[in-house]
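What follows is a single structure, and I will ask about it in a moment.
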Amino acid sequence: MKAVFIDASQALADVVQRLHRADDMALSIHCDPDITPDQIPAVAGDADILWIDHTYLPTDIALRCPKLKHVIFLGTGARSYMNPEELMEKRGIQVHIIKGYGDTAVAECAFGLMWTAAKGFAAMDRGMRNGVWLRTEGLQLTGKSIGLIGFGGIAAEMARLCLGAGMRVIAWNRSAKQYPGVEFLPLEEVLSQSHVISLHLLLNDETRGFISSQRISQMRDGVILVNTARGGVVDESAMMDALRTGKIGHAALDVFHIEPLPHDHPLTDLPNVTLSAHSAFRTPEASDNLIEAALEHGRRILRHG
């Protein structure tokens, strides 16, 4: 069996080369993070397995890869880039995802974005670079409530960090959960009681647009909204309206509806927004976890076909 990593950055290629074992299946690395979908069949050739980091794989393109039977998606959000059910139905192509590899990295990013928003660091930095001595009044987070919407591995790490910082941590999850020190409450109570809301939902048909204008109206005035999940879980227009009125005091965002974020996107003109380039999971430790998990998927496929 053969595998091709179709859209590797040089950094991830280096990790693959370091962790790939002699008894692993043959793996070709195509270092082109900007590959387009129509280029995929030529790059894939007769590969049985594609590794994909962030490139869209339309079903009609996948069907032009004659031997393709498996896709290893380097993350959890495969549905943002392909239709796994359709791939299985039309050609028996299985899509494998990787969970948990960057839980600590993403939580640390969410934690950092929260503090940046609370203290106004990004606005002061922008002002001082332009010769403006912009002193802002920050929010003291100790003793404040943070609401975690969705509670998986990343949210658990975020809870650990926030509890250590002396915050009250409340949370809502679609299924029952328990975690030491965390109060699990109905969604409406989490929205209304939180000084900070941090999103930790997977993107699917049920969660698309989950943070709607109606749910924003239930939030505390001036709330800080942190999103390191997926841009699609937020109604972007409703969020921007709330930022303009001050209903949302600050949005600290690592993910967006369109990525890369266009330079003229309305979010770039709002002063009460901190922007991060979907980089929450990018640490050396998370990259090692990610690639080792992808290689392990390949080993299981080799064993079981």
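Could you give the dipole magnitude of the range 238-305 about its Cα centre, charging the beta-carbon of Lys and Arg +1 and that of Asp and Glu -1, in debye to the nearest 20?
Here the range 238-305 has a charge dipole of around 260 debye.
Name the residues whose placed amide hydrogens come within less than 5 Å of the amide hydrogen of residue 230, ignoring near sequence neighbours (fewer than 5 apart) on the same chain.
Residues meeting the amide H criterion: 201.
Something else now. GNM on the chain, C-alpha springs below 10 Å: top fluctuator among 136, 55, 76?
Taking springs between Cα atoms under 10 Å, the residue moving most is 136.
What value does the chain have for Rg/Rh, both radii from Cα atoms and Rh as Kirkwood defines it?
We get a ratio of 1.01 for the chain.
Take the eigenvalues of the Cα gyration tensor for the range 14-149, scale each by 5, and report the square roots as semi-axes in whole Å, largest first.
Three semi-axes, in Å: 42, 18, 16.
Have a look at the range 103-275 and give its Rg and Dmax from the Cα atoms, expressed in angstrom.
15.3, 51
Further, regarding this structure: Give me the dipole magnitude in Debye, nearest 20, for the range 103-275 about the Cα centre, with unit charges on the beta carbon: positive for Lys and Arg, negative for Asp and Glu.
440
Right, another one. For a Förster distance of 22 Å, can you work out the FRET efficiency between the beta-carbons of residue 174 and residue 237, rounded to the nearest 0.05?
0.35
In debye to the nearest 20, how big a dipole does the chain give about its Cα centre with +1 on each Lys and Arg Cβ and -1 on each Asp and Glu Cβ?
Details: 29 positive and 36 negative charges, 115 e Å.
Using Cβ point charges on Lys, Arg, Asp and Glu, the chain gives about 560 debye.
From the backbone phi of the range 94-106, what are the Karplus-calculated ³J(HN,Hα) couplings (6.51 cos²θ - 1.76 cosθ + 1.60, θ = phi - 60°) in whole Hz, Gly and Pro given as x?
Each residue's phi maps through the Karplus curve to give 8, 9, 10, 10, 10, 9, x, 5, x, 4, 5, 4, 5 Hz.
As a check on your grasp of the helix formula, calculate [θ] at 222 nm for the chain: sum -39500 (n - 2.57) over DSSP H runs of n ≥ 4, divide by the residue count, round to the nearest 500.
-10500 deg cm²/dmol
So what is the relative contact order of the range 1-111, in percent, for Cα pairs below 8 Å that sit 6 or more residues apart?
Relative CO of the range 1-111 lands at 23 percent.
Could you check the simple spin-label distance between residue 32 and residue 135, using points 7 Å along Cα→Cβ, in nm with one decimal?
5.5
Any idea how far apart residue 189 and residue 9 come out in nm if each label point goes 7 Å out from Cα toward Cβ?
If labels sit at residue 189 and residue 9, their model points lie 4.1 nm apart.
Where a ≥ b ≥ c are the square roots of the eigenvalues of the C-alpha gyration tensor, would you call the range 38-110 rounded, which needs a/c under 1.5, or, failing that, prolate if a/b is larger than b/c, or oblate?
Values: a/c = 2.42, a/b = 2.07, b/c = 1.17.
Judged from the Cα gyration tensor, the range 38-110 comes out prolate (a/c at least 1.5, a/b above b/c).
Among all lysine pairs in the chain that are eight or more places apart or on different chains, how many have alpha carbons less than 20 angstrom apart?
8
Every number here is computed from the coordinates shown, using simple stated rules; none is lab data. Source: prediction; values computed, not measured. We place every Cβ from the backbone using ideal geometry, glycine too, and count neighbours over all the protein chains shown.
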